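Please treat every number below as a calculation from the coordinates, not as lab data. Every value quoted in this text rests on a predicted model; they were computed, and no experiment measured them. Heads up, the Cβs are rebuilt from the backbone with ideal geometry, glycines too, and the neighbour counts pull from every protein chain shown.
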There are 2 protein chains.
Amino acid sequence: MDIKDKNILIIGLGVVGGSYAMALTGAGYKNIYAVNRSEGSIKKALGLGIIKGGSTNVEDFARNADIAVIAVYPTGAEDCARKLGSLMKKGSLVTDVLGIKRYYSQKISAVLPDYIDYVPAHPMAGREKRGLDYASAQVLKGANFIITPIARSTEQGICEVKQLAEDMGFGKIRTLTPDEHDSVIAYTSQLPHALAVSLINSDEEDSNTGDFIGDSFRDLTRIAEINADLWQELFLGNRENLLAAIDMFTDQLSAIRSAIQSEDKESLIKLFEKSSARRHALIKK
Amino acid sequence: MDIKDKNILIIGLGVVGGSYAMALTGAGYKNIYAVNRSEGSIKKALGLGIIKGGSTNVEDFARNADIAVIAVYPTGAEDCARKLGSLMKKGSLVTDVLGIKRYYSQKISAVLPDYIDYVPAHPMAGREKRGLDYASAQVLKGANFIITPIARSTEQGICEVKQLAEDMGFGKIRTLTPDEHDSVIAYTSQLPHALAVSLINSDEEDSNTGDFIGDSFRDLTRIAEINADLWQELFLGNRENLLAAIDMFTDQLSAIRSAIQSEDKESLIKLFEKSSARRHALIKK
């Protein structure tokens, strides 16, 4: 059976779930269904033609689903998986989009019956805003996609999730263990958010800073407009790794601070040359 | 005399000086001249039609200049001003584009004769790259422009610099004292650069991080590819303010770190809500 003919059920029509529905429909997938807490987004998604059917009740579509995508907030994922586990058929596949993997993959895996395959994944694309109105297939194009298989994940399941990612237009598709993922993501995603929030919060109250900023300040604070509920879950769910990443960063900032304090021009130049070379290499790849 | 007919001499055809030449010519200024250390950029600028004449020798054009723009690196500014001061005519105007004001404005002012007007300014637009090849009139459009008059600056000189900025397409044009400028700029410009450099330098050597980044990491590290020579001058020339800005930032990052450490969900949400409101207000203005 062609994967594009399979019944695919997306749980949660937020930014990521909505973008999946758009991208999969755009890629020629014919049987995309969605379950969402509120009816408004279901109606909107039906109106946009990005799902074939939708419901606020997971029972309406889970029994016939070949693949289910858990696209709810991390703390809602276990409940969602439990319901799917009680309804989905033998040989079906569950994947997810959670931004941290070890903790939640264990939770999800524990409530899914053995006869359901499970392949955790993290699409590295999102928006500051929440909800279907901000979903977009375009935001997935060329973005990085990380698959973090666990012991129970089958080769076939991994291939199917990879296929979904390719068809949605993701760029680099990589495989990591959940632990590797959480460590790297603390550095590449949660740490930058912590920095952006700290930067904008360190301004004085009622200042007219906006009149005196350049592109650099704008770029560095874009993600300071943050979905507070989601990101406290991501920060606390990846606590140890994020603390370590903050400490690594703080060491580097201290090195710059010391060089400024002691007016050490040569050390500053070395730090800048290192960062320039690294950034250049990063973007070339 | 219409300002567009005046003889305007730009010293330094780098990213900023080159962008000035492009934007002023584009705005209908007829007599833009340039002095540059190397002949290559002069020839290129003549070829582009963005200057009427150019030389590696400041004596060739300074005597007839009505307005001179010092667009060299900060540490070269004093020498440049001394030469201009010995050549320029009574009633002429000098302005600059330096990213820090108190220290260098004093240096420049000290070597300019009283009969030359001087109005320091900071166009908040630049590039990570250096040189005329990266100059662009477009990068100035809508950017912030700060004028930092000192005691000797005349009202007429301030008006003329403002006119130049408007004609080049800058957005908000504001006036600050040099001290106010250096304090706010430590926060909005130098601190973000220190953070970007620290972020990318805190990665492990030879990691393949590039495969696991999203837009947030890309945005936050863009300015980590930095002109090392220029930025060590800017950092050390604004030392006290930048140290204070780093310390304010560190306090905020520590607050986030503590909240993560103690798994304090409510504090995290409050910090995120504060940053979201601030960022939202910043961009709306």
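Side notes on the structure shown:
- Neighbour net charge for B:S92 - beta-carbon separation under 13 angstrom, K R +1, D E -1: 0
- GNM top mover of B:P113, B:P74, B:P178 - chain B, alpha-carbon springs below 10 Å: B:P113
- For the range B:217-285 and the range A:251-278, distance of Cα centres in Å: 17 Å
- For chain A, the membrane-span-like helix rule (DSSP H, alpha carbon extent of at least 24 Å along the helix axis, mean Kyte-Doolittle at least 0.0) picks out A:239-261; this says nothing about an actual membrane.
- At 7 Å out from Cα toward Cβ: B:L243 inter-copy label distances (nm, ascending): 3.1
- Shape of chain A, Cα gyration tensor, a/c cut at 1.5: prolate
- Residue among A:L199, A:L191, A:L13 with the largest mean-square fluctuation in a Gaussian network model of chain A, springs linking Cα atoms under 10 Å: A:L199
- For the protein assembly as shown: rounded, prolate or oblate by the Cα gyration tensor [a/c cutoff 1.5]: prolate
- Fewest-first sequence of B:K4, A:K6 by Cβ atoms within 10 Å of each Cβ: B:K4, A:K6
- The range A:22-71 and the range B:156-196 have Cα centres lying 51 Å from one another.
- Gaussian network model of chain A, Cα within-10 Å springs - most flexible of A:G28, A:G85, A:G169: A:G28
- Take A:T154, move 7 Å from Cα toward the beta carbon, and the resulting point lies 8.6 nm from the same point in each other copy, nearest first.
- Counting only DSSP beta bridges with both residues in the protein assembly as shown, the antiparallel share comes to about 10 percent.
- For chain A, the 222 nm mean residue ellipticity estimated from helices alone, with every DSSP H stretch of n ≥ 4 adding -39500 (n - 2.57) and the total spread over all residues, rounds to -15000 deg cm²/dmol.
- Near A:Q252: Cβ cut-off under 11 Å, other residues only, Lys/Arg at +1 and Asp/Glu at -1. The net charge is -1.
- Cβ-based exposure ranking for B:E155, A:E263, in which fewest neighbours within 10 Å come first: B:E155, A:E263
- Remark: spin-label model distance B:K30-B:L46 equals 2.1 nm, labels positioned 7 Å along the Cα→Cβ axis.
- For the pair A:K141 and B:R152, a Förster radius of 35 Å applied to the C-beta separation gives a FRET efficiency near 0.05, rounded to the nearest 0.05.
- Magnitude of the charge dipole for chain B, about its Cα centre and with charges confined to Cβ atoms of Lys, Arg (+1) and Asp, Glu (-1), is about 1060 debye.
- Taking the Cα centre of the protein assembly as shown as reference, the dipole from Cβ charges on Lys and Arg (+1) and Asp and Glu (-1) amounts to some 1460 debye.
- Remark: A:T25, B:T148, B:T175 ranked as B:T175, A:T25, B:T148, counting other beta-carbon atoms within 10 Å and listing the fewest first.
- Remark: label point of A:E266 defined 7 Å out from Cα along the Cα-Cβ vector; separations to the same position in other copies 5.3 nm, ascending.
- Beta bridges by DSSP in chain B, antiparallel share as percent, to the nearest 5: 10 percent
- Three-way shape call for the range A:180-284 based on the alpha-carbon gyration tensor, with the a/c threshold at 1.5: oblate
- Note on B:K4/B:K274: beta-carbon distance plugged into 1/(1 + (r/R0)^6) with R0 of 51 Å gives a FRET efficiency of 0.65.
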